[in-house]
Structures are given as structure tokens and as C-alpha cells.
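See below for the structure under consideration.
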Amino acid sequence: MSTSTAQYEPKTRVGRITNFVDQRVGGSGMVKEFGRKVFPDHWSFMFGEVALYSFVILLLTGTFLTFFFDPSMAETHYDGSYVPLKGVEMSVAYASALDISFDIRGGLFMRQMHHWAALLFVAAVSVHMLRVFFTGAFRKPRELNWVVGSVLLILGLAEGFTGYSLPDDLLSGNGLRIIDGVIKAIPVVGSYISFFLFGGEFPGTVIIPRLYVLHILLIPAIILLMIAIHLFMVVVHKHTQFPGPGRTNNNVVGFPVGPVYAAKAGGFFFIVFGVLALMAGFFTINPIWNYGPYDPSPISAGTQPDWYIGWVDGALRLMPGVGEFVIFGFTLSLNVLIPALGPALLLFTLMFTWPWLEAWVTKDKREHHLLDRPRNAPTRTAIGVAGVVFYCVMWAAASSDLIATHFSLSLNDVTYWLRALFFLGPIIGFLVAKRIALALQRKDREIALHGRETGRIVRLPHGEFIEVHEPLDEYHQYKLVNYESPEVVPPQPNAEGKITTAEKARGVLSRIFFEDRVAPPTPAEVEAAHSHGGHGEVEAEHEDQESLPRQ
Amino acid sequence: MKALSQRRRHPLAAIALLLMGLLLTGGLYAVASGANEAKAQSSPYTAEDVEEGKKLFVANCATCHGMSGQGTETGPSLVGVGAAAVHFQVGTGRMPLQMQGPQAKEKPPQFNEEETRQMAAYVASLGPGPAIPGEKALDTSDADPGNGGQLFRVNCAMCHNAAGAGGALTRGKFAPQLAGVEDVHVYEAMITGPQNMPVFNDATISPQGKQDIIAFLNTIESTPSPGGADLGSLGPVSEGLFVWTAGLGVIIAFTIWLTSRSS
């Protein structure tokens with residue numbers, strides 16, 4: 001009995017209990033290890049947390065809803081307290097969703113909180129991914145975690161859509177009808193898949209129970225698993241940080257999990273919880289009682305999916321009515337297939353492969369723990385903006401009817417404009433974003449070399465007017481000069497001395513990426529620019545005179 | 001019977017048969033269509049109403065609809081549109097037209113109820129058409145809003161939205177929002193089919209069905225939104241917009257606050 005653990009005798013009751021548990025599960029080691037984990041602080045690093053907390057809230061509210069929701073498509077007549085639907089024939093699923101809304105204490109609040117949390121979950125995941133993309137946090141060693149995150153996004157969409165379909169109201173039924181149409185547009189196997197999924201001809205009587213099982217069991221289980229992998233990899237890789245004085249590729253500057261981050265994160269969970277609770281309490285979401293029970297004949301104006309599926313709906317709306325062929329008596333509906341699957345395939349393929357695409361172009365195989373400011377990776381930023389514009393055009397198209405009515409426009413004109421923007425928007429977005437990024441880099445360079453414009457105009461003895469420039473302090477100067485600026489890597493011959501076609505293509509891409517790069521000022525340049533001004537130690541007037549020759 | 005069979009080859013037999021056929025179909029049609037037009041007889045206007053209405057018509061409507069309502073290149077003929085159409089178009093301010101456009105927009109009515117009635121009387125005198133529905137037709141005291149809701153979703157929601165929030169049609173036309181529209185105007189819109197709206201005559205939706213629809217609209221209008229602010233009843237678009245602006249905006253404000261101490 002010479003080990004320190006055995007000698008330790010706790011004095012209080014709490015201490016004894018803690019010691020009992022610790023000796024059996026060894027928790028203190030984990031706390032010691034994980035509790036000293038350091039996380040850097042930046043507001044944009046918190047969207048992943050928002051998504052995680054939304055997911056926790058989804059689990060809590062969703063569990064409440066399962067107590068009362070009955071996913072049956074059996075027919076019934078509504079007998080609840082919402083008068084405008086009294087006696088209307090509907091499915092048990094819809095009737096129980098109405099009961100949750102009107103006859104179960106707190107049910108409507110829980111339903112609305114669940115739905116708002118779902119919208120926020122996907123929004124937070126999206127913004128988190130955009131942050132990771134634009135700051136280059138997906139680079140080695142985090143490529144696989146980027147892929148796990150992308151899978152989480154797709155799972156989020158699937159989870160959202162299955163949930164949206166459950167109440168079996170008119171809106172969700174119309175959404176399912178579109179999915180049915182898209183499935184049936186798949187050549188050869190489409191109609192078989194549809195029959196398998198719906199248990200016969202649409203809508204059938206099995207789809208809601210099946211979606212329910214997917215929604216409350218399978219997809220959330222996979223999401224949980226993915227979140228576990230995602231967070232585990234974050235711990236393994238450590239968190240990235242923006243460059244700054246003292247922050248290098250080999251350290252993490254910030255606060256430890258215990259106690260600072262544990263407290264902050266715990267508090268932030270309740271902030272997210274509170275915001276969602278306020279939204280659920282004061283703002284209607286998915287008023288299923290407005291839509292009525294699903295029936296394949298009616299459809300309502302303003303029928304849209306939830307926002308995260310909107311872009312696919314928008315692509316369908318933008319597609320002109322061409323591309324349907326009849327081949328040997330079989331219909332090939334490219335007019336449905338292309339818009340429903342094409343843009344999604346394009347965006348998701350690019351999303352999944354981007355870390356490798358970029359590493360291939362830059363030939364950069366190093367580990368990166370320091371983030372890029374978006375302006376310091378102009379081409380990546382421009383490509384990201386192009387993708388965002390591409391997405392947003394389709395997203396806007398999903399609300400083309402509301403754009404038309406609310407801005408007194410012609411629905412046809414809105415569609416024509418969005419069709420043009422579908423192709424031109426990403427190009428314009430790319431060019432504008434790249435120019436802005438390069439311009440910001442040049443501005444940074446200018447400030448690093450010549451200091452900040454003070455707005456103070458001074459007249460010199462010989463009559464000339466100049467503006468006083470104030471040099472930056474070292475901390476700010478560091479941020480402006482210390483960034484990576486990859487250069488064009490021309491095609492390299494391989495071991496046999498040959499330049500392959502793929503390598504040539506890579507060379508072309510590398511030139512497009514980096515030929516107009518703005519190099520950070522070198523120490524020599526900074527020294528030269530500052531030598532006249534005496535590092536701002538001297539009087540401003542004196543500096544102005546000294547800096548005359550460069551004006 | 002023998003006499004009939006003997007004369008069936010008579011030169012006039014074909015004409016007699018044709019005459020009988022015409023009489024039969026015409027008679028049946030008269031009986032059938034009488035059902036729809038029975039109401040038209042029930043609201044009589046005095047000769048004075050028609051006279052005053054004509055004066056108002058000539059001064060305010062004839063530029064487009066012609067001196068005797070026969071229609072011109074810029075406005076349709078009003079012969080046979082009935083008093084209900086006038087009462088709807090003038091009563092909601094759509095007529096006289098504020099400006100040319102994809103469709104007539106609502107504005108504060110330009111004429112009072114009496115003047116509107118006089119113009120309606122004049123237009124009704126041009127040819128038979130749907131009359132202004134009386135109190136009995138608009139009585140919704142025993143109407144069934146549940147049934148009205150079903151009829152509304154099948155017949156109206158595709159343009160007017162399931163909650164009556166309105167929706168877009170092609171080339172700048174639109175189906176207006178239904179909240180705040182008077183019962184009589186809803187009824188008249190159904191029987192006259194203004195602008196791009198189809199006519200829902202009594203064979204399509206029975207008078208009882210129309211009352212149910214009006215009762216449904218009144219119920220959803222008078223029921224406060226159960227879940228809080230309804231965000232315009234525009235469906236997932238306004239919800240998505242809300243979560244991206246207000247929801248995420250507040251969250252971002254908090255993230256900035258939480259990390260503002262350091263960095």
C-alpha cells in the first residue's frame with residue numbers, strides 16, 4: 001500500500017463518493033487529460049457548437065413528441081378542438097399531430113421548438129461548413145473530418161425531410177409527391193424503387209410509418225455516431241486557430257476546457273436553448289392545421305419544402321419543360337432528373353473532394369493548424385463564393401412565386417432572370433469575390449508598408465499637402481505580413497522525366513489559382529518603407545517630411 | 001300507331017321530327033338553366049335606379065366598356081356579366097381601373113353603396129347575369145366550416161394558398177389575400193369569376209358549399225394564430241428567412257459576446 005491513491009483518505013462525504021467512483025472508472029485521468037485541452041477563442045468557431053446543441057434539443061423535444069405521435073395512415077375523422085377541421089376525414093398520423101398541437105399540454109410548444117431547432121441545426125451546420133471552407137480548416141490533417149462533416153450535412157437534410165413528411169398534412173404530402181416524381185424519373189429502376197418505398201402506388205399506407213422509423217431510429221443513430229467521430233477527431237487534431245503573435249502551427253493558444261470552456265459551453269447551450277424556446281413560444285412554424293389533411297388532389301399556393309431542401313425544389317422550378325423523351329415506349333424524364341439530381345451531385349461531389357483537389361493543385365502536403373484569412377486565399381474564397389451564389393440562385397428560385405407577389409413582379413420574369421443567374425451568377429460571384437479579396441490584400445500590404453491613414457492633412461512649408469500615416473503596432477503588423485501565399489507550381493516532370501497530361505492540367509489550375517497572388521511584404525520591404533519614418537518614434541511632422549520622396 | 005307508321009315517309013316527317021327534337025332539347029335546357037338563373041329575377045331594380053346607373057356608367061365606365069356596355073378594344077363587354085360582377089368590381093375598388101396592368105388592383109372604393117347598386121342595376125338591365133347575393137344566400141349561421149375548408153383546399157387553395165394568404169399567377173397576375181374581404185364579395189367572386197378566377201357556379205359549388213367556404217374563411221380569420229406570430233402564413237419560405245435572419249442573427253450576436261473578452 002504505497003501508491004498515493006491508496007494513501008489518499010477523503011475527509012468529506014462527497015470526497016468519499018468521488019474517490020469511490022474514481023478508483024473504479026478512473027475518471028480523473030480523463031478529466032485531467034481532456035480538461036486541460038485548450039481551445040482558441042473566436043466567434044466563428046462556435047457554429048459547430050450551435051449545431052450540436054440544436055441536435056441535443058432535437059433529441060429532447062423529439063422524444064416528447066414520440067410519446068404522443070401515432071405514425072399510422074389509417075383513416076379517421078378528426079374530433080379534436082380545432083373547429084375548422086372538425087369531422088374532416090384524415091389519417092391517424094395527421095390527427096395525432098393536430099392533437100399534439102391543440103389537445104396536449106405543451107405539445108404545440110414542443111412541436112414548434114423541434115421544428116425551429118431542426119431549421120437552426122441545418123443552418124448552423126451550413127454556416128460551420130462555410131467557416132471551415134473559407135478559412136482552409138479542411139486541409140491536412142483534417143480532410144477526413146471534413147468528409148464526416150459533409151456526411152453529417154447530408155444526414156441532416158435526410159433527417160429534416162423525413163421529419164417534415166411525418167404529419168401527413170397537405171404540405172408534407174405534396175413534398176413526398178415531388179420526391180415520388182423524382183424517384184420515378186430515374187431510368188429503368190425508378191418506378192420499382194417508388195413502388196418499393198411507398199409499398200405500392202403513391203401515396204399508399206406505409207410511407208409514414210417507414211419514414212417514422214428512419215426519422216426516430218436509424219438516421220439519428222447514424223448522426224450520433226458521426227458526431228462522436230467528428231468530435232473525437234477534433235480532439236485528436238486539436239482546434240485550428242487564426243495566425244497571430246505567439247500562435248504557431250505547433251501550438252494552440254486559448255483557454256482550457258476546464259473550467260473556462262466547460263462553463264462557457266454549458267452557458268452557451270442554455271443560450272441556444274433559450275433562443276429556440278423564445279422562437280417556439282412566439283413564432284408559428286409549420287401551422288399544419290392551415291394545410292389540412294393530405295389528399296393527392298389539392299395543392300396550396302406557396303407550397304415549399306423547408307429551407308434546406310429549397311434549392312432542389314428551386315432547380316426543379318428553373319428547369320424549362322424540355323428533355324422528356326419516349327424511347328421504345330419508355331419515358332425518359334430528363335426534365336425532372338437533371339434539375340433534381342444534377343446540381344446536388346455537382347455540389348456534393350465538389351464538397352467531398354475539395355480537400356484533395358486543393359492539395360493536388362497546390363502540391364501542399366504539409367499539416368496546417370493555422371487558418372487562412374479568406375482574403376489571403378483569393379481563389380479558394382472566389383470558388384466558395386461561386387458555390388454559395390449557385391446555391392442561393394436555386395434557393396431563391398424555390399420562392400419565385402413569393403418574390404413575384406411581394407415585389408409586384410411577373411413570375412415568368414423572375415424565372416427568366418434566375419435561369420440566367422443560374423449560369424452567370426457563379427461566374428460573376430467568382431470574379432467579384434476574387435477582385436475584392438485581391439484588393440483587400442493590396443490594402444493590407446499598403447497598410448503594412450506605410451501605416452494607417454490618419455485622416456490628418458498637413459501642409460508642408462513649401463505648400464504641399466500630405467496625409468499623415470501612422471505605423472501599426474507590432475501585433476497588427478504581424479497579422480498583415482505573416483500569412484502563407486502559395487506560388488504557382490509549374491507542371492513537374494515525373495520520375496521518367498515526362499510531364500503527364502494530368503500534371504499539365506494541374507499546372508494550368510495552379511496558374512489560375514496563384515498567378516495574380518499578392519505576396520506579403522517581406523521584412524526587407526517593410527524595413528525599407530519604414531526606414532524613412534524612423535518606426536513612428538519621431539514626431540509626425542518630421543515623418544511627413546522624411547516620407548516625402550515616396551509620395 | 002298505324003297512322004304514325006304510315007306517315008313516317010311523309011315529306012314533312014323529317015321536319016316535324018327535327019322540330020320535336022329542338023323543342024325537347026330547348027325545353028330541357030330552359031328548365032336546367034333556370035335553376036341557375038332563378039335568383040336573377042329576385043332582386044328588382046326600379047327604372048330610376050337603371051336611369052341613374054346609366055348616367056354614372058357613361059361618366060365613369062364608358063371610356064373602356066363602350067357607351068352602352070358593349071365593350072371596346074380596351075375593355076370587355078358587360079352584357080350578361082350581371083349585377084354581382086359590378087358590385088364586386090366597383091365595391092372592392094378594382095373598377096374604375098386605376099391603371100392598365102396585368103390585372104386590376106384593389107383600392108379604396110370610388111363609389112358608395114347606393115351608386116354601386118345603381119350601376120349594377122344598369123348593367124343587369126343589359127342582359128341576364130348573376131345577381132347580387134341577398135341576405136339569405138350569405139347567411140352562414142348554419143354553415144359547416146370543416147366542409148368549407150375541404151372545398152377551399154380542393155377548389156381555391158392552389159391559387160389563394162391554404163390559409164388564404166394569396167399566391168402568384170403567371171405574368172404578374174396574382175390571386176389576392178382573402179383576409180379582410182367581405183362575405184358578399186367572396187360570394188360574388190365565386191359566381192362571377194373576376195380577373196383570372198374561374199366561375200364557380202351553383203352546379204360546381206352549391207350555395208350551401210359557398211356558405212361553408214365563407215364560414216371557413218371567417219373562422220380562420222377570426223381565430224388567432226395558435227402558435228404565435230404567423231409570419232404571414234407564407235409557409236416554409238418565411239420560416240427559413242426568419243431562422244436565417246432573426247434566429248441565426250441573435251445566435252451570432254451571442255457568440256460575439258461570448259468571445260469578446262479575449263482575442
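The values are calculated or read from the model by the stated rules, or taken from the named source; none is laboratory data. Model, not experiment: these values are computed from the prediction. Reconstructed Cβ throughout: ideal geometry from the backbone, glycine too, with neighbour counts over all protein chains shown.
Which residues, taken from the stretch A:449-476, are modelled with pLDDT under 90 and either among the charged types (D, E, K, R) or within 21 Å of residue A:135 (Cβ to Cβ) (or both)? Listed by number, the residues that qualify are A:452, A:453, A:467, A:470, A:473, A:474, A:475, A:476. Exactly one residue out of A:380, A:419, A:366 is among the basic types (Lys, Arg), out of contact with any helix residue (DSSP H, G or I) (no Cβ under 7 Å at 6 or more places or on another chain) and more than 14 Å from chain B (Cβ to nearest Cβ): that is A:366.
Residues checked against (1) assigned to a loop (DSSP other than H, G, I, E, B); (2) in the same structural domain as residue B:184 (by TED's automatic domain parsing); (3) under 16 Å from residue B:64 (Cα atoms):
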{"position": "B:76", "(1), (2), (3)": "yes, no, yes"}
{"position": "B:83", "(1), (2), (3)": "no, no, no"}
{"position": "B:87", "(1), (2), (3)": "no, no, no"}
{"position": "B:96", "(1), (2), (3)": "yes, no, yes"}
{"position": "B:108", "(1), (2), (3)": "yes, no, no"}
{"position": "B:111", "(1), (2), (3)": "yes, no, no"}
{"position": "B:116", "(1), (2), (3)": "no, no, no"}
{"position": "B:121", "(1), (2), (3)": "no, no, no"}
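Taking helices (runs of 4 or more DSSP H) as the structural unit, those lying wholly within the stretch B:130-237 and holding at least 1 residues that are among the β-branched types (Val, Ile, Thr) correspond to B:145-155, B:183-192, B:207-222.
For the stretch A:6-50, filtering for residues that are surrounded by 14 or more Cβ atoms within 10 Å (Cβ to Cβ) and more than 41 Å from the chain's Cα centre (by Cα) leaves 1. Condition test on residue A:371, is it closer than 25 Å to residue A:123 by Cα, out of contact with any Leu (no Cβ under 9 Å at 6 or more places or on another chain), within 14 Å of another protein chain (Cβ to nearest Cβ) and surrounded by 21 or more Cβ atoms within 10 Å (Cβ to Cβ)? Taking the combined requirement at face value, the residue satisfies it. Here residue B:67 meets each of (1) without any contact (Cβ under 8 Å) to a residue 60 or more places away in the chain; (2) within 14 Å of chain A (Cβ to nearest Cβ); (3) assigned to a loop (DSSP other than H, G, I, E, B) with one exception, condition (2). You will find that of A:72, A:81, the residue that is within 39 Å of the chain's Cα centre (by Cα), part of a loop (DSSP other than H, G, I, E, B) and farther than 30 Å from residue A:272 by Cα is A:72 and no other. Just a yes or no: is a residue in the stretch A:294-310 among the aromatic types (Phe, Trp, Tyr), under 27 Å from the mean Cα position of the chain (by Cα), in a helix (DSSP H, G or I) and surrounded by fewer than 20 Cβ atoms within 10 Å (Cβ to Cβ)? Within the stretch A:294-310 (the criterion being among the aromatic types (Phe, Trp, Tyr), under 27 Å from the mean Cα position of the chain (by Cα), in a helix (DSSP H, G or I) and surrounded by fewer than 20 Cβ atoms within 10 Å (Cβ to Cβ)), the answer is no, since none of the residues qualifies. Evaluating residue B:165 against the criteria (1) at pLDDT 90 or above; (2) at the interface with chain A (Cβ under 7 Å from one of its Cβ atoms) leaves one unmet condition, (1). The set of residues in the stretch B:214-248 that are crowded, with 21+ Cβ neighbours inside 10 Å, within 8 Å of another protein chain (Cβ to nearest Cβ) and of a type in the set (Val, Ile, Thr) comprises B:220, B:237, B:243.
Criterion first (within 17 Å of residue A:47 (Cβ to Cβ) and hydrophobic (A, V, I, L, M, F, W, C)) does residue A:119 satisfy it? Please lay out each step first, then the result.
Values: within 17 Å of residue A:47 (Cβ to Cβ): yes; hydrophobic (A, V, I, L, M, F, W, C): yes.
Answer is yes for this residue.
Residues in the stretch A:406-414 include at least one that is crowded, with 19+ Cβ neighbours inside 10 Å, farther than 30 Å from residue A:148 by Cα and without any contact (Cβ under 8 Å) to a residue 60 or more places away in the chain. All but one of (1) in a helix (DSSP H, G or I); (2) at pLDDT below 95 hold for residue A:432, so report the exception by its number. Looking at each condition in turn, residue A:432 falls short on (2).
Reported count of residues in the stretch A:260-274, each being over 30 Å from residue B:225 (Cβ atoms), in contact (Cβ under 8 Å) with a residue 60 or more places away in the chain and more than 7 Å from chain B (Cβ to nearest Cβ), is 3.
Cβ separations smaller than 8 Å between residues 6+ apart or across chains give the following pairs from the stretch A:89-100 residues that are in a helix (DSSP H, G or I) to residues that are β-branched (Val, Ile, Thr): A:92/A:76; A:93/A:208; A:94/A:288; A:95/A:76; A:97/A:288; A:98/A:288. Within the stretch A:393-411, being at the interface with another protein chain (Cβ under 7 Å from one of its Cβ atoms), among the hydroxyl-bearing types (Ser, Thr, Tyr) and under 19 Å from residue B:233 (Cα atoms) holds for A:399, A:405.
Residue-wise test of (1) part of a loop (DSSP other than H, G, I, E, B); (2) surrounded by 13 or more Cβ atoms within 10 Å (Cβ to Cβ); (3) modelled with pLDDT under 90.
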| position | (1), (2), (3) |
| --- | --- |
| A:480 | no, yes, yes |
| A:495 | yes, no, yes |
| A:503 | no, yes, no |
| A:509 | no, yes, no |
| A:519 | yes, no, yes |
| A:528 | no, yes, yes |
| A:535 | no, no, yes |
| A:545 | no, yes, yes |
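Restricting the first member to the stretch A:275-296 and to residues that are at the interface with chain B (Cβ under 7 Å from one of its Cβ atoms) and touching a residue at least 24 places away in the same chain (Cβ under 8 Å), and the second to residues that are part of a loop (DSSP other than H, G, I, E, B) and of a type in the set (A, V, I, L, M, F, W, C), the beta-carbon pairs closer than 9 Å and six or more apart or on different chains are A:279/A:285; A:291/B:162; A:291/B:163; A:292/A:88; A:292/B:162.
Residues in the stretch A:77-93 that are more than 11 Å from chain B (Cβ to nearest Cβ) and closer than 21 Å to residue B:224 by Cβ: A:80 alone.
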